[in-house]
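Structure, as C-alpha cells:
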C-alpha cells in the first residue's frame, strides 16, 4: 500500500514544480466537491515581448494553435477534474525538466502512478482529499522563441488571484509547462 506520506510528497513536488500551486489547490483537507468544470475557459492576449514592453526583440508572434495549446496545458493543470487524477494531469502537461525528477522519485520509492491515484481516491473517500476549486486562467504577453515560450498567466479562483510568468517548452509536439 502506498503511504499517505508518499502521496503527499509526490503531489507536493508536482505542485511546487508548477505555477500557482497555492492558488489552484488547497491543503485544508477538504474533499473534492465535484464543482470542477470540464470546459476550457481561458482568455489570452497574444503578444510578443516587444508589443508588451515597447522594446525590440527577436521573438515571434504567437499563432492561435500555439496559444490554444499553452492555454490548455495551464487550464488542465489548474482544473484536473479530480484529486486522484491530478498527478497524472500534472505529469502529462509538464516538460521533462519538471516531470522527470517526479518520475525518478516515484521509481526510487517503488510507487506507481496507479498506486498514487488509488491512494488519492481513498484519501478523498476518507475526507482527506484536497479541494481543487475551479480556476479561470488567462495568458498575456505571450512570447515564443523557438521551442521555448513565456507568458504572464493569471489564475483566479475562490482562494484568490495570482499572476506570474510561466515558462513553456515544446516537447513531444506540444507546449508543456516548464517552470
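The values are calculated or read from the model by the stated rules, or taken from the named source; none is laboratory data. All figures in this text were calculated on a predicted structure; none of them were measured in a lab. When we count neighbours, we look across all protein chains shown, and the Cβ atoms used for this are built from the backbone with ideal geometry, even at glycine.
Side notes on the structure shown:
- Residue match in segment 110-129 (condition: crowded, with 16+ Cβ neighbours inside 10 Å, within 17 Å of residue 78 (Cα to Cα) and out of contact with any helix residue (DSSP H, G or I) (no Cβ under 9 Å at 6 or more places or on another chain)): no
- Residue within segment 82-96 that is surrounded by fewer than 18 Cβ atoms within 10 Å (Cβ to Cβ), touching a strand residue (DSSP E or B) at 6+ places or on another chain (Cβ under 7 Å) and in contact (Cβ under 8 Å) with a residue 24 or more places away in the chain present: yes
- Residues of segment 157-166 that turn out to be buried (at least 16 other Cβ atoms within 10 Å of the Cβ) and touching a strand residue (DSSP E or B) at 6+ places or on another chain (Cβ under 6 Å), as a count: 2
- Of all the residues in segment 65-81, those that are buried (at least 18 other Cβ atoms within 10 Å of the Cβ), over 21 Å from residue 143 (Cα atoms) and either out of contact with any helix residue (DSSP H, G or I) (no Cβ under 7 Å at 6 or more places or on another chain) or without any contact (Cβ under 8 Å) to a residue 40 or more places away in the chain (or both) number 1.
- Flag if residue 62 is within 27 Å of residue 156 (Cβ to Cβ), crowded, with 18+ Cβ neighbours inside 10 Å and free of Cβ contacts under 8 Å to residues at least 40 places away in the same chain: no
- Some residue of segment 83-94 being at pLDDT 95 or above, more than 14 Å from residue 142 (Cβ to Cβ) and not in a helix (DSSP H, G or I): yes
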